[in-house]
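To start, the structure under review is shown below, and the notes come after it.
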Amino acid sequence: GAVVSQHPSWVICKSGTSVKIECRSLDFQATTMFWYRQFPKQSLMLMATSNEGSKATYEQGVEKDKFLINHASLTLSTLTVTSAHPEDSSFYICSARDSSSGGGETQYFGPGTRLLVL
Amino acid sequence: AQSVTQPDIHITVSEGASLELRCNYSYGATPYLFWYVQSPGQGLQLLLKYFSGDTLVQGIKGFEAEFKRSQSSFNLRKPSVHWSDAAEYFCAVARRQAGTALIFGKGTTLSVSS
């Protein structure tokens with residue numbers, strides 16, 4: 001099946017620093033990737049939709065200047081948390097849409113990145 | 001607004017017993033429907049999906065789901081639960097349009113007792 005990787009899986013950083021998270025589709029091309037945030041014991045909340053070669057579309061309430069998204073190729077999207085603060089600590093999960101699935105909008109998820117800001 | 005409801009926050013089932021996890025959605029038209037499973041600290045794994053055709057969908061790990069348009073439901077079932085099925089289960093929908101994101105339910109935690 002389609003595989004999506006995320007790197008790093010764990011990151012601890014100091015408050016005020018920036019952190020970059022990579023999301024890669026390993027065996028398929030993804031024109032669209034999605035970034036979600038998940039708090040403990042809660043569901044996934046969509047942060048933004050990342051389209052290859054164009055600007056990301058952010059959900060209401062998500063600061064686009066704080067969460068920078070770049071989708072430079074058909075297999076890579078990056079999320080950069082700028083000037084991270086403790087309240088940004090969370091589990092970040094990306095997904096990639098396999099448009100070649102022949103059946104519609106199947107999304108495959110990465111294993112997630114746990115961010116802890118001290 | 002579109003929404004997904006999973007009425008059961010936590011379910012405990014004995015190993016070997018049958019399982020049904022409920023999912024209802026509110027949508028203007030029939031969306032794409034999905035069930036995902038998440039183990040602690042992990043990403044989401046697709047169990048099964050419904051796009052069209054047969055309303056009874058077979059998935060991985062012995063799971064199946066039935067789409068009922070009249071009830072706006074997409075319940076997940078398994079005839080015999082294994083201890084390894086203990087996890088968080090999410091129902092999700094997506095609009096029938098290219099590039100749309102998933103809308104998730106709040107999830108159901110499944111515990112399996114021996």
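The values are calculated or read from the model by the stated rules, or taken from the named source; none is laboratory data. Just so you know, these numbers come straight off a predicted model, no measurement behind them. With ideal geometry, Cβ positions are generated from the backbone for all residues, glycine too; neighbour counts draw on all protein chains shown. Ligands, DNA and RNA are stripped out before the accessible areas are found, and what is left, the full protein with its side chains, is counted by its heavy atoms. Shrake-Rupley method; radii C 1.70, N 1.55, O 1.52, S 1.80 Å.
Viscosity 1.306 mPa s, temperature 10 °C: Stokes-Einstein D of the protein assembly as shown from its Kirkwood Cα radius, in µm² per second?
87 µm²/s
Taking every residue in A:110-117, how many Cβ atoms of other protein chains lie within 10 Å of its Cβ, on average?
Mean number of neighbouring Cβ atoms from other chains: 2.
Express the accessible area of the protein assembly as shown per residue in Å², computed with a 1.4 Å probe while the remaining protein chains stay in the model.
48 Å²
For a quick check: with amide H placed at 1.01 Å from N, whose amide H comes under 5 Å from A:THR31's, ignoring anything fewer than 5 positions away on the same chain?
Distant-sequence amide H within range of A:THR31: A:SER99.
What does the accessible area of B:ILE11 come to, in Å² to the nearest 10, when a probe of 1.4 Å is used?
In the full protein context, B:ILE11 sits at about 30 Å².
What FRET efficiency do you get for B:SER114 and B:THR55 if R0 is 35 Å and r is their Cβ-Cβ distance, rounded to the nearest 0.05?
0.55
Among the listed pairs A:LYS64/B:LYS78; A:LYS41/B:LYS61; A:LYS41/B:LYS68; A:LYS41/A:LYS66; B:LYS61/B:LYS106, which are separated by more than 31 Å between their Cα atoms?
Flagged as over cut-off: A:LYS64/B:LYS78.
Considering chain B as a Gaussian network with a 10 Å cut-off on Cα pairs, which listed residue, B:PHE90, B:PHE74, B:PHE51, attains the greatest mean-square fluctuation?
In the Gaussian network model the winner is B:PHE51.
If each of B:ALA17 and A:SER73 carries a label point 7 Å out from its Cα toward its Cβ, how far apart are those two points in nm?
Each label point is offset 7 Å from its Cα along the Cβ direction, giving 5.0 nm.
Please find the FRET efficiency linking B:SER70 to B:ARG96, where r is the Cβ-Cβ separation and R0 is fixed at 22 Å, and quote it to the nearest 0.05.
The formula returns an efficiency of 0.70 here.
So what's the gap between the Cα centers of region B:42-88 and region A:26-68, to the nearest angstrom?
25 Å
Take A:MET45, project a point 7 Å from its Cα along the Cβ direction, then tell me which residues of region A:1-36 have their backbone nitrogen under 15 Å from it.
So the set is A:35-36.
From zero outward in steps of 5 Å, how is the percent of C-alpha pairs of region B:5-114 spread across the bins?
2, 13, 24, 26, 19, 10, 4, 1, 0
Quick check: residue separation of A:LEU26 and A:GLU59 times 0.36 nm, minus the Cα distance between them. What number comes out in nm?
Here the answer is 9.2 nm.
Can you tell me which of A:ILE12, A:ILE93, A:ILE21 moves the most in a GNM of chain A? Springs connect C-alpha atoms under 10 Å apart.
Fluctuation is largest for A:ILE12.
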